[in-house]
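**Student:** If you scroll down you'll find the structure; I have some questions about it.
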Amino acid sequence: MRGVVSFATAVAVLGFCSLAWADVPKPEEIAACNSEAKEAVRKGSAAPSTPAPTASDQRRAAEARGRNAPTDGANASVRSSDPQIEGMDPQGAKDPVYQAAYRTCMRRSGF
């Protein structure tokens, strides 16, 4: 019985750890999605491959445009509890098309 309890505890701990780490995008995933979102903005919202912004994208972009907080240059990024917008370029966050493309890329990456 003791072995079963130890095994169950180990499985629970490992399962919790894998869930905790799964929601954190890696720097290379963030960079790739920021690059993809910049390309989507360059192509424009009329391009068939450009994701359509949602109402949440529109709202967050308006909020980002309203903020005038200084950024620390290239290392600045959006901090969020939502892994689909975590790491988004702060300038790109002001554009709903950028946000839609970034979210779509992060979703394809498993976030």
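**Student:** Check segment 16-25 and report whether any residue there is modelled with pLDDT of 95 or more, closer than 20 Å to Gly110 by Cβ and charged (D, E, K, R). Talk me through it step by step, then tell me what you get.
**Tutor:** The initial filter retains those residues of segment 16-25 that are modelled with pLDDT of 95 or more, namely none.
No; the residues of segment 16-25 include none that is modelled with pLDDT of 95 or more, closer than 20 Å to Gly110 by Cβ and charged (D, E, K, R).
**Student:** From the residues in segment 32-76 that are polar (S, T, N, Q) and in a loop (DSSP other than H, G, I, E, B), which one is modelled with the lowest pLDDT? Full working, then the answer.
**Tutor:** Here is the first cut: in segment 32-76, the ones polar (S, T, N, Q) are 34-35, 45, 49-50, 54, 56, 58, 68, 71, 75.
Now drop any that are not in a loop (DSSP other than H, G, I, E, B), which leaves 45, 49-50, 54, 68, 71.
Numbers: Ser45: 76, Ser49: 83, Thr50: 87, Thr54: 94, Asn68: 66, Thr71: 51.
If we take residues in segment 32-76 being polar (S, T, N, Q) and in a loop (DSSP other than H, G, I, E, B), then Thr71 is modelled with the lowest pLDDT.
**Student:** Now for a separate question. Please find, within segment 77-108, the residue that is surrounded by the most Cβ atoms within 10 Å (Cβ to Cβ) out of those that are of a type in the set (Lys, Arg) and assigned to a helix (DSSP H, G or I). Spell out the reasoning first.
**Tutor:** Start the filter on segment 77-108 by keeping residues that are of a type in the set (Lys, Arg), which leaves 79, 94, 103, 107-108.
From what's left, assigned to a helix (DSSP H, G or I): 94, 103, 107-108.
On the way: Lys94: 17, Arg103: 24, Arg107: 13, Arg108: 11.
Ranking the candidates gives Arg103 first.
**Student:** Residue check, Glu29 against (1) assigned to a helix (DSSP H, G or I); (2) modelled with pLDDT under 85, all met but one. Which one?
**Tutor:** Looking at each condition in turn, Glu29 falls short on (2).
The values are calculated or read from the model by the stated rules, or taken from the named source; none is laboratory data. This structure is a prediction, so every number in the text was calculated from the model and none was measured. Here the Cβ is made from the backbone with ideal geometry for all residues, glycine too, and neighbour counts use every protein chain on show.
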